[in-house]
Amino acid sequence: MTLLPDGKDKLIRQMPARSLNFAGKGSLSGLSVKAASLGRAAFRILSYCIVAVNLLTFGTFLYVIAPYTSYFFFNDWRFWNYLKYYHRYFLYSASYILAILTTHRELARDVLPLTAPAMLGPSPDRFRIAKDWTLPVDSCGECNRCCTFVVTCCFLDKATNRCPCYGSLFWRYFNCGRFPSTRELIENCGCSKFEIID
């Protein structure tokens, strides 16, 4: 998981880890915090409903909402550039859910809370770059284990090790943007880049 797509020169996880509210800005206070939490929960529930409907329609629903699908996954409204991924996601999501229910049941215990903040990297309060990490801090080298240890992600270009979803709503509000989030994920992925802050 290294270079970004489309010739961008930033590397995966180059952006500093921080929490984002529903609008993608800094932290809020008072009633705004509750409103932002409810917004994040509503957004995630909507996203899970879309996955369910897409599964029930054998992958056709993402085409019906093609512009939103494109923006959600790729931060780009030009859906015609990403149509090749739509049916791949149907197969991937079905395989992922099956794996969680069968061979990776331990991951079901660490379901992302609906109100969790959006993230562009792991929590700096819980994780840091390992002391013996020799590669640049903004690179994962040739490793893509976090994208493949359950089932291989349909968005991963294994030839170039690039992810077209970096920084998107999908990335920030679900698991990719906060990896690693638990000690178990580091162990399961054999990730040598990050370590727990004791």
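Just so it is clear, none of the values below were taken in a lab; they were calculated from the coordinates. Here the structure is a predicted model, which is why all the values come from computation and not from measurement. Don't worry about glycine lacking a Cβ; one is built from the backbone with ideal geometry, like all the others, and counts go over all protein chains shown.
General remarks:
- Amide H contacts under 5 Å for ASP157, placed H, 5+ residues apart: ARG162
- Nearest-0.05 FRET efficiency for LYS158 and THR103, computed from C-beta distance (R0 22 Å): 0.55
- Global geometry of the range 107-198, whether rounded, prolate or oblate, following the gyration tensor of its Cα atoms and the 1.5 cut on a/c: rounded
- In this structure, the amide hydrogen of PHE127, modeled 1.01 Å from its nitrogen in the peptide plane, lies closer than 5 angstrom to those of ILE197, counting only residues at least 5 positions away or on a different chain.
- The relative contact order of the chain comes to 32 percent, based on Cα pairs under 8 Å that sit 6 or more residues apart.
- Whole-angstrom gap from the range 120-177 to the range 37-102, using each part's C-alpha centre: 20 Å
- Spin-label model, SER192 to ASP125: label points 7 Å out along the Cα-to-beta-carbon direction sit 3.1 nm apart.
- On full extension, the segment bounded by LEU114 and THR57 gains 18.0 nm, given 0.36 nm per residue less the C-alpha separation.
- Peptide packing: for 169-179, 101-111, the average count of neighbouring Cβ atoms within 10 Å per residue gives the ranking 169-179, 101-111, highest mean first.
- Partners of LYS158 within straight-line reach, counting aspartates and glutamates whose Cα lies under 17 Å from its Cα and excluding those fewer than 8 residues away in the same chain: ASP6, GLU142.
- Based on the Kirkwood approach, the hydrodynamic radius assigned to the range 39-198 is 16.8 Å, with every pair of different Cα atoms included.
- Derived scalar couplings ³J(HN,Hα) [the range 98-105; Karplus, 6.51 cos²θ - 1.76 cosθ + 1.60; whole Hz; x for Gly, Pro]: 4, 5, 5, 7, 10, 8, 10, 4
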